[in-house]
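Visitor: One structure is given below, represented as structure tokens, and several questions about it will come after.
The values are calculated or read from the model by the stated rules, or taken from the named source; none is laboratory data. Model, not experiment: these values are computed from the prediction. Positions of Cβ are backbone-derived with ideal geometry, glycine not excepted, and every protein chain shown enters the neighbour counts. To get the accessible areas, we keep the full protein, side chains included, count just its heavy atoms, and leave off ligands, DNA and RNA. Shrake-Rupley method; radii C 1.70, N 1.55, O 1.52, S 1.80 Å.
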Amino acid sequence: MMIQFSEETLAKVKEIVSHYPEGRQKSALIPVLHIAQDTFGGWLDVPVMDYVAGLLELEPIEVYEVATFYSMLNTKPVGKYVLEVCQTGPCMLNGSDDIIAYIREKLGIAPGETTADGLFTLKPVECLGACGYAPMMQLGNTYREHLTKEKVDLIIDEARLTR
Amino acid sequence: MGRKLLLEKAHVEGIRYYDTYRREGGYASVEKALKNLSPEQVVEEVKKSGLRGRGGAGFPTGMKWSFIAKPEGVPRHLVCNADESEPGTFKDRYLMEFLPHLLIEGLIVSSYALGSNATYIYIRGEYAWVADILDQAIVEAKNNGWLGKNILGSGFDCDIYVHRGAGAYICGEETALIESLEGKRGNPRIKPPFPAVKGAWDRPTVVNNVESLAAVVPIINMGGEEYAKIGVGKSTGTKLISACGNINKPGVYEIDMTISVEEFIYSDEYCGGIPKGKRLKACIPGGSSVPILPANLLLKTAKGETRMMTYESLGDGGFATGSMMGSGGFIVLDEDQCVVRHTMTLARFYQHESCGQCSPCREGTGWMHRILKNIEYGKGQKSDIDLLWDIQRRIEGNTICPLGDAAAWPVAAAIRHFRDEFEWHVNNPDECLK
Ligand SMILES: NC(=O)C1=CN([C@@H]2O[C@H](COP(=O)(O)OP(=O)(O)OC[C@H]3O[C@@H](n4cnc5c(N)ncnc54)[C@H](O)[C@@H]3O)[C@@H](O)[C@H]2O)C=CC1
Ligand SMILES: Cc1cc2nc3c(=O)[nH]c(=O)nc-3n(C[C@H](O)[C@H](O)[C@H](O)COP(=O)(O)O)c2cc1C
Ligand code: SF4
Ligand code: FES
């Protein structure tokens, strides 16, 4: 894969850099890593991080440091659909453990694993600010709330159809 | 029916969009402030209102604003803390999702008061669609002349930028937030200096919670003195409470601080009681880091007074028999819930979220989680309960930021009030979950 943003994305990066004071382009790092992750297959391979470093005139290590700190930035490949099921207290009170067990069984993967077809990763996560709509999961840029086994079936079927 | 100042219009059709918001009287506080008040007068109104920071610490907002340093020729910044990650807390999301313009309006007035020409909203990365809603509201506000250069001919310039985080509870701590805004790992800084003196890019910076900044709108509209008349004592105005756990009507409620905890849990206007008629066992009233209270101490203080939903009343009795308002994340446990299990999930949360800079927090959170897991799964010993107590005590007060305390307090309170449940697990290993 060619690691290169499109002209349009480069213009977007430039716009983001302009939000911060002159010479503080490092502030744009996390927003730009989000874009890079979305653009290059859902995770940040070393050449991708090096590319971002070059773009923002940073040392590569400055990018690695950040990429490894934040839970939304993946430094290893993940499935096309990451089922991020919240398991913290308030969700647990409303049955998140059962939801996680159900997905494990249905997809035959343990937490942290990806299905053989590369489609699904199961990732138990900590509170996502949806405690009143529990149990819930994050899927890409969306939240799926008030989960039931039936809803999980629908989410998985829908993902398989759109692939 | 309690008085509503923030969510009054939340259900008006189309209120998320500028035209409706404006038609409903939106942006009046910007007109009032920029045309009739000096920045110092705005700060004065906020001081008079008695508004206390809604992020959890409850520090008076007007006082914080008056502390901002003003060195010659150095820009100042306002940063809105929309990182909201404290388990049980989802009120800021609600406000931003349904009333984005209320926040933008509050930010413009607050930026004017503080002299911030570039204001940032640091929002947790997972709230991606909320960030889009805010971006859209900012464009609308700018197109209508409320942002940009020389707003309303006042000579004041202001732009607002949304900055998405990428998943890290610690970035809600204001100095970690600033590090993250600068493009670094979210490692908290040692305070003082407070951000108001040295913050983002070493410039004076005020960090305030979403709800605090939205509250500036009614404060300016009605005047600080009028606002201060709502509520009791030092708990002025209204507070958003996000209620969850075992209740019939989970959701976000605006309360004026004159109702009792019992009314909040059982009345139909709020939580609507406990599902299936079960009994109330315990509650964490202010987000996962504040002490859990058993039902008897939750509804009445140790002195036998009715416990109210105010800063003072929730805190009555200190940590021995009271709790805190905190972030307003209200978590209810019914009689069938296991306090050990719930505490274990919180311990795992804090272990996962520790930034790792201080050894008491980095090691202690992991240790507490492992011991709690052993107890929960029937592999604990009686001495483990005392060991847990000892570990939490050694974390508290010995770290750079309060995440260490936040991890220690729930464990301490669970043992203090529910020691018998820990002992039950130790004594009945065969009946524990496997
Ligand atoms: N909303 C949420 O999701 C979460 C909220 N919290 C809350 O955060 C609280 C702890 O927050 P901290 O910021 O560490 O508390 P803090 O008490 O150190 O500070 C509170 C605010 O007052 C300011 N301040 C205090 N003294 C000052 C002075 N002398 N000069 C200028 N400014 C001053 C600080 O800069 C800060 O903005 C906890 O009580 C907890 O409830 C914790 C986790 C998550
Ligand atoms: C670990 C930790 C996490 C925090 N998370 C948040 C948060 O998500 N949102 C928030 O407003 N304040 C959070 N705070 C409190 C902030 O440090 C700060 O006190 C607050 O943003 C100030 O705003 P306020 O005065 O308007 O409450 C957190 C504090 C700690 C110690
Ligand atoms: S107390 Fe924990 S989270 Fe806070 S700075 Fe220390 S290690 Fe980091
Ligand atoms: S505990 Fe699951 S979203 Fe908060």
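Visitor: What GluC sites (Glu not before Pro) does the stretch B:271-362 have in DSSP loop regions with at most 14 other beta carbons within 10 Å? Could you put the intermediate results ahead of the total?
Guide: Working: sites: B:Glu305, B:Glu312, B:Glu335, B:Glu353; in loops: B:Glu305, B:Glu335.
Here the sparse-neighbourhood loop sites are B:Glu305, B:Glu335.
Visitor: Something else now. Count, for each residue of A:141-153, the Cβ atoms from other chains sitting within 10 Å of its Cβ, then give me the mean as a whole number. Walk me through the intermediate numbers first.
Guide: Details: counts 7, 2, 6, 0, 0, 1, 0, 0, 0, 0, 0, 0, 0.
Average neighbour count from other chains, rounded to a whole number: 1.
Visitor: Once phi is turned into θ = phi - 60°, what whole-Hz ³J(HN,Hα) does the Karplus curve with 6.51, -1.76 and 1.60 give for every residue of the stretch B:147-164, x standing for Gly and Pro?
Guide: 9, x, 8, 6, 4, 6, x, 7, x, 8, 9, 7, 10, 10, 10, 8, 10, 8
Visitor: Of the peptides A:65-71, B:398-404, how do they stack up when ordered by the mean number of other Cβ atoms within 10 Å, highest first? Intermediate results must be reported in sequence, preceding the final value.
Guide: Working: A:65-71: 18.9, B:398-404: 20.7.
For the peptides A:65-71, B:398-404, the packing ranking is B:398-404, A:65-71.
Visitor: For chain B, what is the relative contact order in percent, using Cα pairs closer than 8 Å and at least 6 residues apart in sequence?
Guide: On the way: 896 pairs, mean separation 69.1, N = 434.
Taking the mean separation of contacting Cα pairs over the length of chain B, I get 16 percent.
Visitor: Would you pull out the residues with amide H under 5 Å of B:Arg76's amide H, same chain only if 5 or more places away, H placed 1.01 Å from N?
Guide: B:Asn117
Visitor: Now for a different question. If I model a spin label as a point 7 Å beyond the Cα along the Cα-Cβ vector, how far apart are those points for B:Ser38 and B:Phe59 in nm?
Guide: Here the answer is 2.6 nm between the modelled labels.
Visitor: Give the distance, in whole Å, between the Cα centre of the stretch A:86-163 and the Cα centre of the stretch A:1-70.
Guide: Value for the Cα centre distance between the two parts: 29 Å.
Visitor: I would also like to ask the following. Let's test the formula: R0 of 45 Å, r as the Cβ-Cβ distance of A:Ser6 and B:Thr258. What FRET efficiency results, to the nearest 0.05? Could you put the intermediate results ahead of the total?
Guide: Working: r = 57 Å, r/R0 = 1.26.
It comes to 0.20.
Visitor: Let me make sure I get this right: for the stretch A:7-69, a, b and c are the square roots of the gyration tensor eigenvalues over alpha carbons, sorted descending. Under 1.5 in a/c it's rounded, otherwise prolate if a/b > b/c, else oblate. Which is it?
Guide: Working: a/c = 1.86, a/b = 1.22, b/c = 1.52.
Taking the square roots of the gyration eigenvalues as a ≥ b ≥ c, the stretch A:7-69 is oblate.
Visitor: Could you derive backbone 3J(HN,Hα) for the stretch B:304-310 from the dihedral phi with the Karplus parameters 6.51, -1.76 and 1.60 (θ = phi - 60°), listing whole Hz in sequence and x where the residue is Gly or Pro?
Guide: So the Karplus estimates, Gly and Pro as x, are x, 7, 4, 7, 9, 7, 10 Hz.
Visitor: Right, something else. Rounded to the nearest 10 Å², what accessible area does B:Lys379 have for a 1.4 Å probe in the complete protein model?
Guide: 140
Visitor: Same structure, new question: So what's the gap between the Cα centers of the stretch B:143-196 and the stretch B:204-262, to the nearest angstrom?
Guide: With the stretch B:143-196 and the stretch B:204-262 each reduced to a Cα centre, they are spaced 22 Å.
Visitor: In what sequence, highest mean first, do B:141-151, A:7-17, B:79-89, A:118-128 appear when ranked by Cβ atoms within 10 angstrom? If you can, show how the numbers build up before the last one.
Guide: Working: B:141-151: 16.3, A:7-17: 13.4, B:79-89: 28.5, A:118-128: 21.5.
Those peptides, ordered most packed to least, come out B:79-89, A:118-128, B:141-151, A:7-17.
Visitor: What distance in nm separates the simple spin-label points at A:Tyr64 and B:Ser267, each placed 7 Å from Cα in the Cβ direction?
Guide: 5.9
Visitor: Suppose R0 equals 60 Å; then what is the FRET efficiency for B:Glu226 and A:Glu158 from their Cβ-Cβ distance, rounded to the nearest 0.05?
Guide: Numbers: r = 51 Å, r/R0 = 0.85.
Rounded to the nearest 0.05, the efficiency is 0.70.
Visitor: For peptide B:162-175, how many partner chain Cβ atoms fall within 10 Å of a residue's Cβ, on average? If you can, show how the numbers build up before the last one.
Guide: On the way: counts 2, 7, 4, 5, 13, 10, 6, 3, 1, 3, 0, 0, 0, 0.
Per residue, the average neighbour count from other chains is 4.
Visitor: Cα-based Rg (one decimal) and Dmax (whole number) for the stretch B:1-144, in Å?
Guide: 15.5, 49
Visitor: In nanometres, what is the gap between the two model label sites at B:Thr20 and B:Ala69, each 7 Å from Cα along Cα-to-Cβ?
Guide: Computed distance between label sites B:Thr20 and B:Ala69 equals 4.5 nm.
Visitor: Now, a different point. Spelling out what I want: for every residue of the stretch B:399-406, take phi, set θ = phi - 60°, compute 6.51 cos²θ - 1.76 cosθ + 1.60 (Karplus), and round to whole Hz; glycine and proline get x.
Guide: Going residue by residue, I get 9, 5, 10, x, 4, x, 4, 4 Hz, with x marking Gly and Pro.
Visitor: What full-extension length gain, to one decimal in nm, is calculated for B:Asp336 and B:Ala320 as 0.36 nm per residue of separation minus the Cα-Cα distance? Let's see the in-between values first.
Guide: Details: separation 16, 0.36 × 16 = 5.76 nm, distance 2.44 nm.
Extending this stretch completely gives an extra 3.3 nm.
Visitor: If you don't mind, there's one more thing I want to ask. Per residue of B:25-37, how many C-beta atoms from partner chains lie within 10 Å of its own C-beta, taken as a mean? Walk me through the numbers before you get to the answer.
Guide: Values: counts 0, 0, 0, 0, 0, 0, 0, 0, 0, 0, 0, 0, 0.
Partner Cβ neighbours, averaged per residue: 0.
Visitor: Right, another one. Kindly identify the protein assembly as shown as rounded, prolate or oblate by the Cα gyration tensor criterion: order the square roots of the eigenvalues as a ≥ b ≥ c, call it rounded if a/c is under 1.5, otherwise compare a/b with b/c, prolate if a/b is larger, else oblate.
Guide: Values: a/c = 1.57, a/b = 1.14, b/c = 1.38.
Taking the square roots of the gyration eigenvalues as a ≥ b ≥ c, the protein assembly as shown is oblate.
Visitor: Could you give the accessible area per residue of chain B, probe 1.4 Å, as a whole number in Å²?
Guide: Normalised by residue count, the accessible surface of chain B is 37 Å².
Visitor: Rounded, prolate or oblate: which one fits chain A, using the alpha carbon gyration tensor with axes a ≥ b ≥ c (rounded when a/c is under 1.5, else prolate when a/b beats b/c, else oblate)?
Guide: Prolate, because a/c is 1.5 or more and a/b exceeds b/c.
Visitor: Would you please give the residues with an amide H less than 5 Å from that of B:Gly231, counting only those at least 5 places away or on a separate chain, with H modeled from the backbone geometry?
Guide: For B:Gly231, the qualifying residues are B:Gly237, B:Met257.
Visitor: Can you give me the relative contact order of the stretch B:146-286 as a percent, contacts being Cα pairs under 8 Å and 6 or more apart? Show your work: numbers first, answer last.
Guide: Working: 156 pairs, mean separation 13.7, N = 141.
Relative contact order, the stretch B:146-286: 10 percent.
Visitor: What's the buried accessible area, both sides, between A and B using a 1.4 Å probe, rounded to 100 Å²? Write down the numbers at each step before the final one.
Guide: Numbers: alone 9530 and 17680 Å², together 23440 Å².
Separately minus together, A and B give about 3800 Å² buried.
Visitor: Next question. I need the peptides B:314-322, B:118-126 ranked by packing, meaning the mean over residues of other C-beta atoms within 10 angstrom, with the highest value on top. Spell out each step's value before the answer.
Guide: On the way: B:314-322: 17.2, B:118-126: 24.1.
Order by mean packing, descending: B:118-126, B:314-322.
Visitor: Projected onto the charge dipole of the protein assembly as shown (+1 at Lys/Arg Cβ, -1 at Asp/Glu Cβ, origin at the Cα centre), which of B:Ala28, B:Ile385, B:Ile331 gives the Cα projection farthest towards the positive end?
Guide: B:Ile385
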